[in-house]
Amino acid sequence: MADCSALQFVSPYAFEAMQKVDVVRLAALSDPELRLLLPCLVRMALCAPADQSQGWAQDKKLILRLLSGVEAVNSIVALLSVDFHALEQDANKEQQLRHKLGGGSGESILVSQLQHGLTLEFEHSDSPRRLRLVLSELLAIMNKVAEANCEFFFKSSELFESPVYLEEAADVLCILQAELPSLLPIVDVAEALLHVKNGAWFLCLLVANVPDSFNEVCRGLIKNGERQDEESFGGRRRTEALRQLCKMNPAQALRVRGMVVEECHLPGLGVGLTLDHTKNESSEDSVSDLVCFVSGLLLGTNAKVRTWFGTFIRNGQQRKRETVSSVLWQMRRQLLLELMGILPTVRSMHVPEEAEADMEPNVSVYSGLKEEHVVKASALLRLYCALMGIAGLKPTDEEAEQLLQLMTSRPPATPAGVRFVSLSFCMLLAFSTLVSTPEQEQLMVMWLSWMIKEEAYFESTSGVSASFGEMLLLVAMYFHSNQLSAIIDLVCSTLGMKIVIKPSSLSRMKTIFTQEIFTEQVVTAHAVRVAVTGNLSANITGFLPIHCIYQLLRSRSFTKHKVSIKDWIYRQLCETTTPLHPQLLPLIDVYINSVLTPASKSNPEATNQPITEQEILNVFEGLMGGENARLNQRYEITAQLLVLYYILSYEEAILASSKTLAAMQRKPKSYSPALMDQIPIKYLIRQAQGLQQELGGLHSALLRLLATNYPHLSIVDDWICEEHITGTDALLRRMLLTDAAKKHSPKQLQEAFSALQGNHTQVLQILEHLTLLSAGELIPYAEALTSNMNQLLYPGIPRRILQTVNRLWMALNTVMPRRLWVMTANALQPSNNVVRQQKYTQKDLMIDPLIVLRCDQRVHRCPPLMDITLHMLNGYLLASKAFLSAHLKETADQDIRPSQNNLMGLEAPEVTREELKNALLAAQDSAAVQILLEICLPMEEEKPLINNSCGRQQKGIPGAANSSPRKKKLKEEEEEEEEMEVEGNGEKEEKSLLCNLREVQCLICCLLHQMFIADPNIAKLVHFQGYPYELLGLTVAGIPSMHICLDFIPELIAQPELEKQIFAIQLLSYLCIQYALPKSLSVARLAINVMGTLLTVLTEAKRYTFFVPTLPCLVSFCQAFPPLYEDIMSLLIQIGQVCASDVATETRDFDPIITRLQQLKEKPYERTRLHKEPAHKTGPGDTSSLDPNVQLCQCIENTFIEIINMSVGGV
């Protein structure tokens, strides 16, 4: 406001004195300064105070003394003597009258009729009339403001414009507002004063006399202000008035600026206040408040504020000419001055030596940037990036020149210097228009060359791993591969802002990079020489060498230019730590792809070299060496897990691309099985499980590879077992770990086993102590533990020793399963096995898993060791499947060769080989099942004991009636004799043998259940092959998944072989008792129909062979499903009639037998309990009893009696 420039404003010193009521400071003010504060001081002196303290009484005396010498006090006292109550009533009446008549009415209740102009009337009036004149004028302006609907107007008023009466008018204004606050709210008065001449001066005086209202007035003015104050006259007046208020109270200037940002109004005021604050507190070294404020607006998280301030910048540039009074021009000038202030002042006409050959002598180069200015320079660069990229600022030629000089300056080798160079480089990429002349382009090229040369020095001196050299390499690689969007993302992430960069603007920079500075060959050669990042982890941010190598591998630059990158990748994998850097896994994946896949079809040999086996072994050296394995480790667990991930991914990639490689006649090197056997895969997976948070996605990736390529190492039971070994119980056991447990060495364990036959206690004591150790600490004892397992097979070994050995074996299985299985399989081989002198290897066991079951026969009756054997068998069956699948893919070239001559024969060999593999696996699994079922059969010496203990239970088992009463009587007599013999030998041996057999049967049934669930086709194959009838009761009751047999029993019954049909019906009888389901009922009805059909087609011999074992099954059908009673009875009558007809020509009459069967069918309840006896007595010389038909009829009668007894007595 130029109209207020000649007036005296309240000074900050005077305002602070009024705010704090500091009488001493007030006394020090000059008369002109004191004159501005008289309304408030006079009111303080005359009005009754609320503070009745002695201190305020003294201060009041000083104020009265201070006012006693001022003549204008008398006029203010006169103003205070007016009846303000009557004045307020008249003002309210005038307001009501104006509302009724309209704002344009000339009548006034406050001021009757003016004889002269307002100024002369004010001069000739007394105090009451002066109050009325000012109040009337002020209310008129306030009413017009309220009716203006946000449209600014300027009100010409003699009373507020005459320089002679300004002070008197200000006195009246202050007294009116103080005495009539409800009529004249201070915010409304302040708003009205903006519309008159000298309004800012009046406003400052009003607020100075009511200092507590400062924040209220400022917030009200800002809230009512324009969103863009520079665009309108009213906005500029409002901004200037608020700036004058803040000059009067500079302590609150930043708070007022905060209100501006909060309301998103008057951006020019925010910048103006910042400029005022920057001038008052200027500092050359630190970042100025202007830079911080504007950067915060444009780079903050509030999108609304960013858009609001960006509009202010754009609108300011659209004006045709920016005057010096423009806030935007002042801001740009201040920023330019700050930028020039930190530039080195010495210009050098001499070109540095490294650039003399390429530079012209007239190019001026700034010397090095001072260390204390680096941070401020980085802040200025980011601010200009935000102004140009977000707010759309178009730099002038002078700004562009100075910015380029700053960007190409050379900072010291400090972390801040590295950051400054990175920002400068990205700004050159983002705003390439800053380089417009050939001289400027040459200056930029020279600076880029300096960056390349000094990168290593900067990294070594500053101690920052993420240097700008990697960024240069990365950008060069992106330019070579034409990934301009990746460069834009890189620039935005480095600058920390999202700006719009057109790919076309990078064309010149691309030419400079790809043709002058970084050719592709230079990039690859330089990348290999870059040192790896030491202790690489996710904590190291920024752009690292690993990013550059990754991009070069993706673009296949190394293979194109025959640059070996294998050593660099190996060194970087070894130099890693937790938390895992996210770029490591993608690096390994793209490296594996570059090893297997040629860069082009024309040059199939253009691939990278894989890591050697010796280098891999070096990483795992000392990992499984002994008790102090961790101390001997050279590399951290992170490096070992990454190398493991590399090996597993490499092998999987070879198998996945085997067809493609075979078509290209390429056979890349595959790692030997011996190498894989030496790597403790399971141990490393366990270590990774405890570091899942630090390893990111590495643990899950390893589990996926393990489940695909090594299914025998990812068995579900093993994971469940590990929970018991590594859970809370294990921690509690380790708390009990004593020194004695730590003193036992593997040698002592071997010596104890040597004396096992005479001393069980020593072995048991050592084994119990070993259970307190962790799985990793048990590794040195594995050899001694497994090699002596054959000694545990001798009689008399305590069960506790066997169970403890089982526990230790399961613990070792969590860390070294493959080595442990091989040692155990060799240790359990029969001692008289002279056929094979050499020990089995891992490959032998994977090719033929049944080797595990060719162990010492005594293992089959030792449940703890049988549990171990079954565990190994399950693992090797899974391993064999993976091994054969891998072998099929490895030999895929055998499928490709025939196709060279016959295009149509491409798939035929593959299908054949796949079918052969599946057939081999099915035969292998079924053989294992059959062997296990054979183990479940009791041995000769166990049969008497089993018959003795289980004879009573067999009464309810289907098939117990398959023998004649005569045979049963003989069997009972034999059992009594055997029982008498066994009682003399003691009961302990009997119970032990029976318990061991039953426990082994339970273990085998659990494994078979898992196998049947995993592949139901195995169950189908085994039952089509058949197995001893005696085992049906065991398998149906002990294998929960046997219900799946109901799906294929109809198919099994339909087989032409009589033995399979008999086996199917016997199996069905057990299933009906175990699973009395609707499906079982339908299959049982089918079986009865089949039996009826076969009755009509079988010969006499086959009929006897078929029906004698199957007739007892009908009892089970009736027991499970009573509705089948009628069908079964009819079937039995039919069978009897057929038998009777066959012997009708013989002397013996069978009619009585048929008649009896009919009576039993019609009146089954007349005889509550029948005895199974032959239909007629036969003497020794009676040959008819040997007739098959006679024996079959006896079986039919016994079946009848059993069904009747069962239905009557519920048996």
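Sort Met939, Met388 by accessible area with a 1.4 Å probe, largest first.
Largest accessible area first, the residues go Met939, Met388.
Using a probe radius of 1.4 Å on heavy atoms only, what accessible surface per residue do you get for the range 996-1038? Whole Å² is fine.
Value returned for the range 996-1038: 41 Å² of accessible area per residue.
Return the inverse of the average 1/r over all pairs of distinct C-alpha atoms in the range 487-546, which is the Kirkwood hydrodynamic radius, in Å to one decimal.
14.1
Among Lys20/Lys155; Lys667/Lys881; Lys881/Lys1020; Lys247/Lys370, which pairs are too far apart, with a Cα-Cα distance over 30 Å?
In this structure, Lys20/Lys155; Lys247/Lys370 exceed 30 Å between Cα atoms.
How would you rank 548-560, 751-763, 642-654, 783-795, highest first, on the average number of other Cβ atoms within 10 Å across their residues?
In decreasing order of mean packing, 548-560, 751-763, 642-654, 783-795 become 548-560, 642-654, 783-795, 751-763.
In vacuum, with every alpha carbon of the range 1067-1139 counted as one equal point scatterer, what does the Debye formula give for log10 I(q)/I(0) at q = 0.19, 0.24 Å⁻¹? Two decimals, please.
-0.73, -1.09
Once neighbouring chains are kept in place and the probe is 1.4 Å, which whole percent of the accessible area of the range 138-264 is contributed by carbon and sulfur?
49
Can you pull the percent of the range 782-849's accessible area that's carbon plus sulfur, 1.4 Å probe, other chains left in place?
Using a 1.4 Å probe with all protein chains present, the range 782-849 comes out at 51 percent carbon and sulfur.
So if I take the alpha carbon set of the range 740-788, get Rg, then get Rh from the Kirkwood formula, what is the Rg over Rh ratio?
For the range 740-788, the value is 0.93.
Write down the accessible area per residue of the range 469-607 in Å², having rolled a 1.4 Å probe over the full set of protein chains.
Counting only protein heavy atoms, the per-residue value for the range 469-607 is 40 Å².
In this model, which of Lys889/Lys917; Lys566/Lys843; Lys100/Lys223; Lys144/Lys197; Lys93/Lys144; Lys747/Lys843 are farther than 19 Å apart at the alpha-carbon?
Over 19 Å apart, Cα to Cα: Lys566/Lys843; Lys100/Lys223; Lys747/Lys843.
Please report how far the C-alpha centroid of the range 559-583 lies from that of the range 1094-1128, rounded to the nearest whole angstrom.
75
Apply the Karplus parameterisation 6.51 cos²θ - 1.76 cosθ + 1.60, with θ equal to phi minus 60°, to every residue of the range 529-539 and state each ³J(HN,Hα) to the nearest whole Hz, in sequence, with x for glycine and proline.
Karplus values, whole Hz, x for Gly and Pro: 7, 5, 5, 5, 7, x, 6, 4, 8, 5, 6.
For the range 228-269, would you read off the P(r) tail past 15 Å as a percentage of all alpha carbon pairs?
Pairs farther apart than 15 Å: 38 percent.
For Lys659 and Phe1024 in the same chain, what is the full-extension length gain: residue separation times 0.36 nm, less their Cα-Cα distance, in nm?
Here the answer is 127.7 nm.
Return the carbon/sulfur percentage of the accessible area of the range 414-561, one whole number, probe 1.4 Å, all protein chains in place.
The value for the range 414-561 is 53 percent carbon and sulfur by accessible area.
In units of 2.2 N^0.38 Å, what is the alpha-carbon radius of gyration of the range 498-618?
Output field value: 1.19.
If you find the alpha carbon centre of the range 1037-1051 and of the range 493-526, how far apart are they in angstrom?
69
Counting only heavy atoms of protein chains, what accessible area per residue, in Å², does the range 156-287 have with a probe of 1.4 Å?
34
The values are calculated or read from the model by the stated rules, or taken from the named source; none is laboratory data. A quick note: this is a predicted structure, and the numbers were derived from the prediction, not measured. Glycine gets a Cβ as well: all are built from the backbone with ideal geometry, and neighbour counts include every protein chain shown. Calculation scope for accessible area: heavy atoms of the full protein, side chains included, ligands and nucleic acids excluded. Shrake-Rupley method; radii C 1.70, N 1.55, O 1.52, S 1.80 Å.
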